[in-house]
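Written out below as structure tokens is the structure these notes cover.
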Amino acid sequence: MKFSRLTALLLLLASPAWADGLPDLGEVSQNTLSPQQERRAGEQVMQEIRADKSYLDDPEVTEYLNGLGYRLVAASSDSRRDFEFFALQDKTINAFALPGGFIGVHTGTITVAQNESELASVLSHEIAHVTQKHIARGVATNQTNSIASMAALAVAILAARNSPEAANAAIAGAQAASIQSQIDDTRDHEREADRIGLQVLQKAGFDVHAMPTFFERLQKSSRIYENNAPAYLRTHPLTTERIADIENRVALLPYRQVPDSMDFRLIRAKVGAMQPPPDEAVRIFEEKSADASSSAQTAARYGLVVALLRAHQYGRAQKEMTALRAAAPPSAIIENLSAQLRIELGQYAAAQAQYAEALKRFPQHRALAYGYAETLLQNRQEATAATFLEEQLQQHPGDYHFYELQAKTFAAQGKTLLTHKAKAEAYARTGNIPAALEQLQIALKSPDGDFYQLSMVEARLKELQTLDAETRKK
């Protein structure tokens, strides 16, 4: 596809373009895009990103990032804004903000972070990009508010990550002078995101010294692959002056020792065990388990079980899991992995019982709820699954995973109309309105719907058709 000038500019705005400058930028773009327009733009970008093979659709990683992210959002100046945090399976250190509060994190950022405050410092920086409306300002500078044109951003981000040549072509397609004219603004944005992000980090109760420490590590790692880095990273390197500015700000703040949460340690181990080939991951976490201190032993052993499952070494995984559960404090993440191991061993009834028991202790852990619903279906308990999923959707009406599971449940029960209606809701929750409309139209042709169900489908179809028409006008 042809990359527009707007795409190239957004590429710079959405990536961690490390530079300098710090004005009070105010709210100049407040009237450029409404929050609804920004959100819809982000949803269009996310359709492309979710379809990419690097998108990490892991409920526990996603839930952890959103828990950490919303802790920071609560300390920001725009705590009522909707955010969505997600991960991309990529070893490089990177994070980026998209229109509408969508924030992506490369898994390499999670594994390289030495503590939770370092990871929080990255998220707080990206949150500041959103709350300060930096992308919207870029749109205003280009005198356009076309939401449709923003969809190209996803292609540019993915191309830049996977192919430096594609990134170079994307940026070369725009006029070099046009991009250069935006660099000063981008430098200002980065410095403002540092300043605001640091304030958010402090208010949320994290160690502010983690921000300059992590940025120094990022600067060193950037030197390693300097010539092979994506062009949008090379355009604005993380400068010594910028790090010094953050250090000067941090020097004025009191030191606070902040212990890592167990969830951070486990998620970091999980991501680390998922990145290398399975046998290599087993070797790495065998060494970590042997060398780990008592405080790090739980995460190291958890990572080893994840690696052993990937390598299909179920006997060893079972042995390590028994030792892990005996020594570790109560954890929904560990219980979920234990139940997954039972499923791999074909112990479906035992897995269902473990999920049910774990949900009593951790009722808000969605990965456990997903697993429990799956085991109910595996054990041919469709009616129980349908009731359980209805309860979950009342609590989490925006969760597309629950709608996907509901569609599977209705399909197992032979309920065609309800199956397609649930699929439509799943698509709608991910911003794929055309696919949702298609599923609703199929549902209307289903032979098994009663008058009430057909009326619900027709009403929902009109609602989404109106939304789709409004989006196409922008």
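The values are calculated or read from the model by the stated rules, or taken from the named source; none is laboratory data. Just so it is clear, the model here is predicted, and its values are computed rather than measured. All Cβ positions, even for glycine, are placed from backbone atoms using ideal geometry, and neighbour counts span all protein chains on display.
Please verify whether residue 263 is surrounded by 15 or more Cβ atoms within 10 Å (Cβ to Cβ) and assigned to a helix (DSSP H, G or I), treating the condition exactly as stated. Don't jump to the end; show me each part of the working.
Values: surrounded by 15 or more Cβ atoms within 10 Å (Cβ to Cβ): yes; assigned to a helix (DSSP H, G or I): yes.
Against the criterion (surrounded by 15 or more Cβ atoms within 10 Å (Cβ to Cβ) and assigned to a helix (DSSP H, G or I)), residue 263 qualifies.
Please go through the range 338-380 and pick out each residue that is surrounded by fewer than 17 Cβ atoms within 10 Å (Cβ to Cβ) and of a type in the set (S, T, N, Q).
Once the filter is applied, which keeps residues that are surrounded by fewer than 17 Cβ atoms within 10 Å (Cβ to Cβ) and of a type in the set (S, T, N, Q), the range 338-380 yields 347, 364, 378, 379.
Do you know which of the residues in the range 417-474 that are β-branched (Val, Ile, Thr) and at pLDDT below 95 is surrounded by the most Cβ atoms within 10 Å (Cβ to Cβ)?
Here is the first cut: in the range 417-474, the residues β-branched (Val, Ile, Thr) are 419, 430, 433, 442, 457, 466, 471.
Filter once more, keeping what is at pLDDT below 95: 430, 433, 466, 471.
Values: 430: 17, 433: 22, 466: 10, 471: 18.
Across the range 417-474, the extreme among qualifying residues is 433.
Testing residue 282 on (1) modelled with pLDDT under 95; (2) under 22 Å from residue 107 (Cβ atoms), one condition comes back false. Which one is that?
Answer for residue 282: the failing condition is (1).
Of these, 414, 398, which one is under 23 Å from the mean Cα position of the chain (by Cα), assigned to a loop (DSSP other than H, G, I, E, B) and not charged (D, E, K, R)?
Values: 414 fails: under 23 Å from the mean Cα position of the chain (by Cα).
After ruling out the rest, the residue left standing is 398.
Go through (1) under 23 Å from residue 265 (Cα atoms); (2) of a type in the set (D, E, K, R); (3) touching a Leu at 6+ places or on another chain (Cβ under 9 Å) for residue 344 and report which single condition fails.
(1)
Yes/no matrix, rows are residues, columns are (1) closer than 22 Å to residue 449 by Cβ; (2) in contact with a helix residue (DSSP H, G or I) (Cβ under 9 Å, 6 or more places away or on another chain); (3) hydroxyl-bearing (Ser, Thr, Tyr):
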| position | (1), (2), (3) |
| --- | --- |
| 390 | yes, yes, no |
| 393 | yes, yes, no |
| 409 | yes, yes, yes |
| 418 | yes, yes, no |
| 422 | yes, yes, no |
| 426 | yes, yes, no |
| 432 | no, yes, no |
| 435 | yes, yes, no |
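Residues checked against (1) modelled with pLDDT of 95 or more; (2) within 17 Å of residue 124 (Cβ to Cβ); (3) surrounded by 19 or more Cβ atoms within 10 Å (Cβ to Cβ):
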position: 49; (1), (2), (3): no, no, yes
position: 52; (1), (2), (3): no, no, no
position: 59; (1), (2), (3): yes, no, no
position: 71; (1), (2), (3): yes, yes, no
